[in-house]
Amino acid sequence: MIDESGAPAQTVADWLEARDRIAETAPHPPERAASPLLLAPHEMDDVFAGSTVDDPGRVLVRELAGDDRDRGGRGWWWNRRPDPLPWHDA
């Protein structure tokens, strides 16, 4: 659920966790004739990838979770981050 308090860090964590849930319930890459609903997560991924940067130092995970441990099978989106992190300007 999206954090309504306006806390940017929690909002980003909520978005990433929501994307995890989509990955758990949606089929793997859809076939060419798949419905628009099945294509939506992939289109969102393209937008997310285009508006974030690689995070090899796991800055985002450390800031959200307080550490940089492997979060256990999380999607590639956990290895990207906004630049700059929005809460650094808050």
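The values are calculated or read from the model by the stated rules, or taken from the named source; none is laboratory data. Remember, it's a predicted structure, so these values are computed and weren't measured experimentally. Please note: Cβ atoms are built from the backbone with ideal geometry, for glycine as well, and neighbour counts cover all protein chains shown. We work out accessible area using only protein heavy atoms, side chains counted, and drop any ligands, DNA or RNA first. Shrake-Rupley method; radii C 1.70, N 1.55, O 1.52, S 1.80 Å.
Observations on the model:
- So E17, is it acidic (D, E), surrounded by 10 or more Cβ atoms within 10 Å (Cβ to Cβ) and at pLDDT below 85: no
- Subset of region 48-66 [under 11 Å from the mean Cα position of the chain (by Cα) and open to solvent by 50 Å² or more (accessible area, probe 1.4 Å)]: F48
- Qualifying residue in region 41-61 (condition: at pLDDT 85 or above and part of a strand (DSSP E or B)): yes
- Residue that is open to solvent by 100 Å² or more (accessible area, probe 1.4 Å), at pLDDT below 75 and under 29 Å from V59 (Cβ atoms), where the choices are E4, E31: E4
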